[in-house]
Amino acid sequence: MARRKVYMLMKKVLISGFEPFGGASVNPALEAVQQLAGRNLAGGVIVTCTVPVVRFKAIEAVVAAIETERPDYVITVGQAAGRTGITPERVAINVDDFRIPDNEGIQVVDEPIVAGAPDAYFTTLPIKAMVRAMQDQGIPAQVSNTAGTFVCNHLFYGIQNYIQQLPEQRRIGHGFVHIPLLPEQTTDSTQPSMSLPLIVAGLAICAQSAIDHPVDISVGGGAIC
Ligand code: PCA
């Protein structure tokens, strides 16, 4: 019998995780990406990188990983204390207003991330599909409409701006996902938390959704303030 070779086009999803910051000893983003490295998806694979919580160096670290790995999609991930679910971000804004110093002691007020660049960039990942898929698997998830004004928003904006400068065929999808604290970070507080296995499962679903949904689904995900 004639054998037919089937070539599957494997997609590569780069997921980045921030180091601990603000005097903390863990960052759930870093813990999660360590578990996701090399994980297989349907039609793809996850690669990861670590990111310093430092103005501009964060962007440089992810740009370097993009240049090395040449991924099809990028999901940058950080911790957001107070979040009750996994929250794909809708929009990055062109401002740094750091309430605390970054890990190199830099603290700036109302500085543009890229002078003269657009005020904001929207995510280019299917955030509605990501949220729906996580919820369907029993994982708390919501769209977020602000990534703050610290290093997470800085990285989100910086990578969107970097991708915009690339030739059209290299303009890969990218978005930022904030995740809750781990239970061990909240033992002496009333902050919400999520277990590491649930966070890891949620981020894997986000990566799978990026592959499965070149175009996002149209469902409500807005918020009333
Ligand atoms: N969270 C911070 C920076 C690094 C991280 O994990 C933020 O939300 O800006």
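Mean residue ellipticity at 222 nm, helices only, the chain: -9000 deg cm²/dmol; runs of at least 4 DSSP H residues each add -39,500 (n - 2.57), and the sum is divided by the number of residues. Each peptide in 71-78, 170-177 receives the mean, over its residues, of other Cβ atoms within 10 Å, and ordering these scores from highest gives 71-78, 170-177. Show log10 I(q)/I(0) for the stretch 45-88 at q = 0.15, 0.17, 0.22 Å⁻¹, two decimals, from a solvent-free Debye sum over equal Cα scatterers. Treating every Cα as an identical point scatterer, log10 I(q)/I(0) equals -0.46, -0.58, -0.85. Sorting the segments 64-70, 45-51 by their mean number of nearby beta carbons within 10 angstrom, highest to lowest, gives 45-51, 64-70. Accessible surface calculations at 1.4 Å, restricted to protein heavy atoms, place the chain at 49 Å² per residue.
Helix 151-165 and the longest principal axis of the C-alpha atoms of the chain enclose an angle of approximately 50°. Taking the Cβ of K57 as the centre, find all other residues whose Cβ is under 12 Å away and add up their charges (Lys, Arg: +1; Asp, Glu: -1). It works out to a net charge of -3.
Once C-alpha pairs closer than 8 Å and six or more residues apart are averaged by separation and normalised to the residue number of the chain, the relative contact order reads 26 percent. Of the accessible area of the chain, computed with a 1.4 Å probe over protein heavy atoms only, carbon and sulfur atoms account for 53 percent.
The tail of the calculated P(r) for the chain, taken as Cα-Cα distances beyond 22 Å, holds 48 percent of the pairs. Run a plain Debye calculation on the stretch 1-122 (Cα atoms as equal point scatterers, no solvent) and give log10 I(q)/I(0) at q = 0.09, 0.18, 0.22 Å⁻¹, rounded to two decimals, same order as the q list. Those come out to -0.33, -1.12, -1.47, one per q.
The values are calculated or read from the model by the stated rules, or taken from the named source; none is laboratory data. Computed from a predicted model, the values in this text were never measured in an experiment. A quick note on method: Cβ atoms are made from the backbone with ideal geometry, for glycine too, and the neighbour counts reach across all protein chains shown. Just the protein is used for accessible areas: all its heavy atoms, side chains included, with ligands, DNA and RNA removed. Shrake-Rupley method; radii C 1.70, N 1.55, O 1.52, S 1.80 Å.
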